[in-house]
1. Can you tell me which residue within region 312-356, out of those that are farther than 14 Å from M252 by Cβ and polar (S, T, N, Q), is most open to solvent (accessible area, probe 1.4 Å)?
2. Kindly indicate the residue of region 25-48 that is of a type in the set (V, I, T) and over 16 Å from F330 (Cβ atoms) and also surrounded by the fewest Cβ atoms within 10 Å (Cβ to Cβ) among those meeting that condition.
3. Working only within region 276-311, note down all residues that are open to solvent by 10 Å² or more (accessible area, probe 1.4 Å), more than 21 Å from the chain's Cα centre (by Cα) and among the small types (G, A, S).
4. Identify the single condition in (1) part of a loop (DSSP other than H, G, I, E, B); (2) of a type outside the set (D, E); (3) at pLDDT 95 or above; (4) loosely packed, with under 14 Cβ neighbours inside 10 Å that A114 does not satisfy, given that it satisfies every other one.
5. Within region 155-187, restricting attention to residues that are open to solvent by 70 Å² or more (accessible area, probe 1.4 Å) and in a helix (DSSP H, G or I), which residue is farthest from A244 (Cα to Cα)?
6. Name the pairs whose Cβ atoms lie under 8 Å apart, with the first residue in region 40-62 and in contact (Cβ under 8 Å) with a residue 40 or more places away in the chain and of a type in the set (D, E), the second open to solvent by 10 Å² or more (accessible area, probe 1.4 Å) and part of a loop (DSSP other than H, G, I, E, B), and 6 or more positions between them or separate chains?
7. Go over the candidates K22, K71, K2, K100 one by one and state the one that is open to solvent by 20 Å² or more (accessible area, probe 1.4 Å), at pLDDT below 95 and within 23 Å of G127 (Cα to Cα).
Amino acid sequence: MKAFLILEDGTVFTGTSIGSTKDMISEIVFNTSMTGYLEVLTDPSYAGQAVVMTYPLIGNYGITPDMESRKAWPDGYIVRELSRMPSNFRCEGTIQDFLKEQDIPGIAGIDTRALTKILREKGTMNGMITTNENYNLDEILPKLKAYTVGDVVSKVTCDEKYVLEGNGPKVALMDFGAKKNIAKSLNERGCEVTVYPAGTKAEEIIAANPDGIMLSNGPGDPETCVSIIEEIKKLYNTDIPIFAICLGHQLMALANGAKTYKLKYGHRGGNHPVKDLTNNRVYISSQNHGYAVDGTTIDPAIAKEAFINVNDGTNEGLAYEGKNIFTVQFHPEACPGPQDSGYLFDRFMDMMKGAK
């Protein structure tokens, strides 16, 4: 079946329908990872977006148990070529069947490199995937321009708190759309991890007397998370060690008066170099974000830049003055390198031990 990808600038790509055949309008973003497509599909940070994979062949090892959450989150999926015969000893099915099961519409057989060039030159834009060959551009384009991602954190967070047992430090993990490997990385280091829904009040977290607090990744515009930012202000005012990743990093910055802004086309991939300003070492990082903290708006009395992106100089992390708090924009749990930045979890462990 034919499918069409229509961008808000009027560009139309024609390909083949994959997955669900329903119409979809979403923000179109691209990911440059060569592997890890299942982790991309199940990353809650993609809620409210449709993902273009720049690597030309997707699905060659099928669907494996490497899910980062309970389901797939992107609104749509866009690829050059889908493997028809996946091969891997862990393979449990095809990506085509997975997309159908998850009711995610997609399109294959289009020039994803050309599409990515458009998004890089003009910036991230909204788009539509449809199988309707009689589409009307005059009707569709106003709808595309009107689309906004909106509140997606409430869609991806857990419904109620749950505990991963451990004999070590007690960590409260705020789930703003947490990837499974964040809790697992803490749990493997012996932590007892209690995962809380995004709307949990700071008083409940503090009353549980955790040894540390983890603020997770998540989707959407951080400035829309007004009530969550208010709770993070209260957490900041305690002496509890805090480690934050991605959206959590942005929310902590906003809670302390810094500003965030939308990047032209975001950072999404498994090969972004970040420099640790404490030792000038460069690490390969996995990233997935469309917004960044404006480093020029940070009060130096509150925090200083700890990491920067080597490619474009954007802020990649903050160390808070006089506090046991550090935050990073990238994903140390996502195994780029493959263990380049895993040491940050060890730093958090040391911070919790030192605070006792």
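1. Within region 312-356, the match that is most open to solvent (accessible area, probe 1.4 Å) is Q339.
2. T35
3. Within region 276-311, A301 is the sole residue that qualifies.
4. Going through the list (1) part of a loop (DSSP other than H, G, I, E, B); (2) of a type outside the set (D, E); (3) at pLDDT 95 or above; (4) loosely packed, with under 14 Cβ neighbours inside 10 Å, A114 breaks only (1).
5. Of everything passing the filter in region 155-187, K155 is farthest from A244 (Cα to Cα).
6. D43/E68; D43/S69; D43/W73; D43/K179
7. Being open to solvent by 20 Å² or more (accessible area, probe 1.4 Å), at pLDDT below 95 and within 23 Å of G127 (Cα to Cα) holds for just one of K22, K71, K2, K100, which is K71.
Residue by residue, here is whether (1) polar (S, T, N, Q); (2) in contact with a strand residue (DSSP E or B) (Cβ under 9 Å, 6 or more places away or on another chain); (3) modelled with pLDDT of 95 or more holds:
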{"position": "P241", "(1), (2), (3)": "no, yes, yes"}
{"position": "N256", "(1), (2), (3)": "yes, yes, yes"}
{"position": "G270", "(1), (2), (3)": "no, yes, no"}
{"position": "L277", "(1), (2), (3)": "no, yes, yes"}
{"position": "Y283", "(1), (2), (3)": "no, yes, no"}
{"position": "I302", "(1), (2), (3)": "no, yes, yes"}
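The values are calculated or read from the model by the stated rules, or taken from the named source; none is laboratory data. Computed from a predicted model, the values in this text were never measured in an experiment. Backbone-built Cβ (ideal geometry, glycine too); neighbour counts: all protein chains shown. These accessible areas exclude ligands, DNA and RNA; they are computed on the full protein's heavy atoms, side chains included. Shrake-Rupley method; radii C 1.70, N 1.55, O 1.52, S 1.80 Å.
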